[in-house]
1. Of the candidates 69, 88, 79, which one comes out as most mobile in a Gaussian network treatment of the chain with C-alpha springs shorter than 10 Å?
2. What is the distance in Å between the Cα centroid of the range 62-78 and that of the range 85-145?
3. If each Cα of the range 3-174 is one equal point scatterer, what is log10 of I(q)/I(0) from the Debye formula at q = 0.20 Å⁻¹?
4. Springs between alpha-carbon pairs under 10 angstrom, Gaussian network model over the chain: which of 120, 152, 110 fluctuates most?
5. List, largest first, the extents of the alpha carbons of the range 44-124 along their principal axes, each in whole Å.
6. What is the antiparallel percent of DSSP beta bridges lying wholly in the range 3-174, to the nearest 5?
7. By counting other Cβ atoms within 10 Å of each Cβ, how are 48, 7, 83 ranked from fewest to most?
8. Given the -39500 (n - 2.57) contribution per DSSP H run of 4+ residues, what per-residue ellipticity at 222 nm results for the chain, rounded to the nearest 500 deg cm²/dmol?
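Values quoted throughout were computed directly from the atomic coordinates according to the rules given, and no laboratory measurement underlies them. Here the structure is a predicted model, which is why all the values come from computation and not from measurement. Heads up, the Cβs are rebuilt from the backbone with ideal geometry, glycines too, and the neighbour counts pull from every protein chain shown.
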Ligand SMILES: Cc1cc2nc3c(=O)[nH]c(=O)nc-3n(C[C@H](O)[C@H](O)[C@H](O)COP(=O)(O)O)c2cc1C
């Protein structure tokens, strides 16, 4: 079963990590379907019925994005608001179309890992910052599998550092 990777990056052409991740995923079209929201919806007008159909046809979904102000870029929030509708994603009678599907988050962050530890400068972890996502996925009864984070891209932009994360990201996807 293939994995749907929903990528949200407002400035992909300037990206280092997300761009590299997409490039790697694209090498295995038999395993991953890449769905870049800013590419498909450059006008940000989401075709909700089409997105729902797409989600319905996958059992594993990854949301990949750069961390923006302790959350996702806005188009992903818009996507969630518009796609996870009552009667489709949740509801007392019908709905629950995402129920049981495996979901993971793949995030790139400018800040380093130490900063996102309880003793670090942020004093909060990525698990805490992403709690609204977890709660949303729990609410719609999806099988939330946690997150993969590449920290520190603001401190280290070397090719070596970026390449190190690539197999780890694919391993995360394949093992959830
Ligand atoms: C508008 C904006 C907000 C950002 N907010 C955060 C943040 O809250 N925490 C953080 O660690 N990095 C933050 N960053 C840095 C990005 O997460 C980082 O540049 C990105 O993940 C790098 O991935 P890329 O090479 O694929 O663009 C922010 C960047 C932008 C442009």
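1. Of 69, 88, 79, the Gaussian network model singles out 69 as fluctuating most.
2. Between the Cα centres of the range 62-78 and the range 85-145 lies a distance of 11 Å.
3. -1.49
4. 120
5. Answer, in whole Å and largest first: 45, 28, 21 Å.
6. 5
7. Ranking 48, 7, 83 by Cβ neighbours within 10 Å, fewest first, gives 48, 83, 7.
8. Dividing the helical sum by the residues of the chain leaves -9500 deg cm²/dmol.
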